[in-house]
1. Which values of log₁₀ I(q)/I(0), to two decimal places, follow from the Debye formula for the chain at q = 0.14 Å⁻¹ with a uniform point scatterer at every Cα?
2. Considering Cα pairs under 8 angstrom that are at least six residues apart, work out the relative contact order of the chain and quote it in whole percent.
3. Taking the Cα centre as origin and putting +1 on Lys and Arg beta-carbons and -1 on Asp and Glu beta-carbons, what dipole magnitude results for the chain, to the nearest 20 debye?
4. Kindly rank 70-83, 51-64 from highest to lowest mean number of other beta carbons found within 10 Å of each residue.
5. Using θ = phi - 60° and the Karplus form 6.51 cos²θ - 1.76 cosθ + 1.60, what ³J(HN,Hα) does each residue of the range 68-84 get, whole Hz, x for Gly and Pro?
6. For the chain, with every protein chain kept in place, what is the accessible area per residue (1.4 Å probe, Å²)?
7. Each residue of the range 60-66 in turn: what ³J(HN,Hα) in whole Hz from Karplus with 6.51, -1.76, 1.60 and θ = phi - 60°, glycine and Pro shown as x?
8. Over the chain, what percent of the accessible surface lies on carbon and sulfur atoms, probe 1.4 Å?
Amino acid sequence: MTRNQFAYLAFFASFLVLGVSATLFGPTLESLTTRFDISLENGGIFFTIHSTGVTIAIYLVGKLFDSERYDPRYLLCIGPVLLFIGTFTLVSV
């Protein structure tokens, strides 16, 4: 596999993981509120935490891109891995 093919595959995986994680909270909101023993009305905190985490990650990765010390392709591969770990942790608790 060439470097360009690897980059395209990584970008595709990034969008796939981001799409799955973004749509995960809607159908599982009732289950998550039951699991963490909070009311359904307060379950919106999951959306807030997710959005805050994405915002912080975008800021930090943007700083890493600007530093030019790291290859952008590798930085883009870190995002889906961290998103997968967070989503898997939330689902498996």
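The values are calculated or read from the model by the stated rules, or taken from the named source; none is laboratory data. Note that the structure is a prediction, hence the values are computed from the model and not measured. Here Cβ is always computed from backbone atoms with ideal geometry, including for glycine, and neighbour counts include all displayed protein chains. The area values use the complete protein model at the heavy-atom level, side chains included, leaving out ligands, DNA and RNA. Shrake-Rupley method; radii C 1.70, N 1.55, O 1.52, S 1.80 Å.
1. Taking Cα atoms of the chain as identical point scatterers yields -0.61.
2. Worked out over the chain, it gives 45 percent.
3. 320 debye
4. 70-83, 51-64
5. In residue order, the calculated couplings are 6, 8, 10, 6, x, 5, 6, 5, 6, 7, 5, x, x, 5, 5, 5, 5 Hz.
6. Each residue of the chain exposes 76 Å² on average to a 1.4 Å probe.
7. 5, 5, x, 5, 5, 4, 5
8. Solvent-exposed carbon and sulfur of the chain make up 71 percent of the total.
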